[in-house]
Amino acid sequence: MPFPELRGRRWYSVAIGTKVMGIELDTDASLLPESEQRIWLENQIAELDPAVRFVLMVLHHPPVADVQLTKETNHNPRPNELALADYLKAVAPHRRRVSS
C-alpha cells in the first residue's frame with residue numbers, strides 16, 4: 001500500500017519549510033462536526049507550531065463560492081463545505097494574526 005502513514009485516508013498535512021503548513025482535505029469525506037476528518041482538522045489547527053505563519057488548504061469543492069441559481073449549480077457549496085466554512089470563520093479570530 002503506497003503511503004501507509006495515511007491509513008487509507010485521503011487527507012493529510014505537510015510542513016512546507018518552517019513557516020507554511022499545507023493541509024489537504026477530502027471534500028468527498030465528511031467535514032461535519034464530530035466526523036473523523038473534522039476532528040483531525042481541528043487538532044491540526046490547534047497544534048500548529050507557533051513558527052507557522054501561513055496555512056494553505058487544498059480541497060476540491062470550495063467552502064465559499066458565488067452561489068449559482070440556474071447554471072453550474074453543481075459548483076455551489078454543499079453542506080459539507082458550508083460546515084468547513086463555518087468552522088474556519090469561528091476559529092480564525094482566535095488564531096494569531098500575521099503582519100507583513
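The values are calculated or read from the model by the stated rules, or taken from the named source; none is laboratory data. These figures come from a predicted structure and were not determined experimentally. Cβ atoms come from the backbone with ideal geometry, glycine included; neighbour counts cover every protein chain shown. For the accessible areas, the whole protein counts, side chains as well, though only heavy atoms, and no ligand, DNA or RNA atoms are used. Shrake-Rupley method; radii C 1.70, N 1.55, O 1.52, S 1.80 Å.
Data table
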| read-out | value |
| --- | --- |
| Residue list for the range 5-29, restricted to those being open to solvent by less than 70 Å² (accessible area, probe 1.4 Å) and touching a Lys or Arg at 6+ places or on another chain (Cβ under 6 Å) | D26 |
| Matching residues, the range 8-39, being among the basic types (K, R) and under 13 Å from the mean Cα position of the chain (by Cα) | R10, R38 |
| Evaluation of E81 against (1) surrounded by 15 or more Cβ atoms within 10 Å (Cβ to Cβ); (2) modelled with pLDDT of 90 or more (one fails), failing number | (2) |
| Filter result (in a loop (DSSP other than H, G, I, E, B), more than 25 Å from N74 (Cα to Cα) and not hydroxyl-bearing (S, T, Y)) within the range 18-34 | K19, E34 |
| Q37 part of a helix (DSSP H, G or I), modelled with pLDDT of 90 or more and touching a strand residue (DSSP E or B) at 6+ places or on another chain (Cβ under 6 Å) | no |
| Counted residues, the range 40-79 - those being within 11 Å of the chain's Cα centre (by Cα) and not in a strand (DSSP E or B) | 10 |
| Scan of the range 30-51 for residues that are within 17 Å of L82 (Cβ to Cβ) and buried (at least 16 other Cβ atoms within 10 Å of the Cβ), ordered by number | L31, Q37, R38, L41 |
| The range 65-78: number of residues that are of a type in the set (S, T, N, Q) and open to solvent by 90 Å² or more (accessible area, probe 1.4 Å) | 2 |
